[in-house]
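Trainee: Here's a structure for you.
The values are calculated or read from the model by the stated rules, or taken from the named source; none is laboratory data. These numbers were taken from a predicted model, which means no experiment stands behind them. We place every Cβ from the backbone using ideal geometry, glycine too, and count neighbours over all the protein chains shown. These accessible areas exclude ligands, DNA and RNA; they are computed on the full protein's heavy atoms, side chains included. Shrake-Rupley method; radii C 1.70, N 1.55, O 1.52, S 1.80 Å.
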Amino acid sequence: MSSPCDPQHAPAGDVGAALMMIDSRLKAIYDGKAQTDAEQQALTDQFAASLGPGGVDDMLDGACTLIYMFMQWLRMAYEDHGKDVIEYVVPNLVASMRMMPRSVRPEAIPMMAGLLVAAGTGLSPSLWRKQYGYWSEDEMNPLEATAFLLAEHVNRLTDDRDFATRMITEALSGVGEG
């Protein structure tokens, strides 16, 4: 029986824009720039404003698609070693988010953990989240942090700083081929 949160029913969203944001954050962190400088933040804000309401929704769906894809890759990687992705990834990411109180408010953490569990169990994070209403402004940074932390986790497991971005880019370039 199909779930209403089955990924086949979910919009993919603007995965490219979401990936660009995550990749930009990864590169900044890897280059030792833990704080976003004012110029980069202004460009990010300008980009988000240029998307308009429909574009923002597409980017939110795109971030959820990234979360889903990263969690599916992690699920397969952990299962290859007889481990459960929920057990090994969710507590790690929740602990990381708890150490980021300026970016991730504590009340947003349960929702982000729910997105991770939904994705890790094969459900669409976007459709799972929609059952609780529209995204709140307070969930924007935590959503970005969740996708970022997953990408960084994938990169760390593979010992390759570009693996997560490359994996998504290759998957996107393969869409429509076949």
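Trainee: Could you pull out every one of the aspartates and glutamates with an alpha carbon less than 16 Å from that of residue 33, ignoring same-chain neighbours closer than 8 positions?
Mentor: Straight-distance partners of residue 33: 23, 152.
Trainee: Here's another thing I want to ask about it. Kindly provide the trypsin sites (Lys or Arg not before Pro) of the range 98-161 that DSSP labels as loop, not H, G, I, E or B, and whose Cβ sees at most 12 other Cβ atoms within 10 Å. Let's see the in-between values first.
Mentor: Details: sites: 98, 102, 129, 130, 156, 161; in loops: 102, 161.
Passing both the DSSP loop test and the Cβ count: 102.
Trainee: A further question follows. Taking 1 over the mean of 1/r across every pair of different Cα atoms in the range 49-130, what Kirkwood radius in Å do you get?
Mentor: 13.6 Å is the Kirkwood radius here.
Trainee: Order these peptides, 26-33, 83-90, by their mean beta-carbon neighbour count within 10 angstrom, highest first.
Mentor: 83-90, 26-33
Trainee: What number comes out for accessible area per residue over the chain if the probe is 1.4 Å? Units Å², please. Don't skip to the end; give the middle numbers.
Mentor: On the way: 9700 Å² over 178 residues.
With all protein chains present, the chain gives 54 Å² per residue.
Trainee: Expressed as a whole percentage, what fraction of the accessible surface of the chain belongs to carbon and sulfur atoms when a 1.4 Å probe is rolled over the protein heavy atoms?
Mentor: Using a 1.4 Å probe with all protein chains present, the chain comes out at 56 percent carbon and sulfur.
Trainee: Just to compare against my own numbers: the Cα pair-distance distribution for the chain, 10 Å bins, whole % per bin, please.
Mentor: Using 10 Å bins, I get a P(r) of 9, 38, 40, 11, 1 for the chain.
Trainee: Which of the aspartates and glutamates could a cross-linker bridge to residue 130, judged by Cα under 16 Å and excluding same-chain residues fewer than eight apart?
Mentor: 6, 57, 58, 61, 138, 139
Trainee: On to the next question. Sort 162-172, 131-141, 12-22 by packing, meaning the average of other beta carbons within 10 Å per residue, with the highest value first. Don't skip to the end; give the middle numbers.
Mentor: Numbers: 162-172: 16.8, 131-141: 12.1, 12-22: 19.7.
Ranking, from highest mean packing down: 12-22, 162-172, 131-141.
Trainee: Where does the charge balance sit around residue 25 when Lys and Arg score +1, Asp and Glu -1, over other residues with C-beta under 10 Å from its C-beta?
Mentor: So the surrounding residues net to -1.
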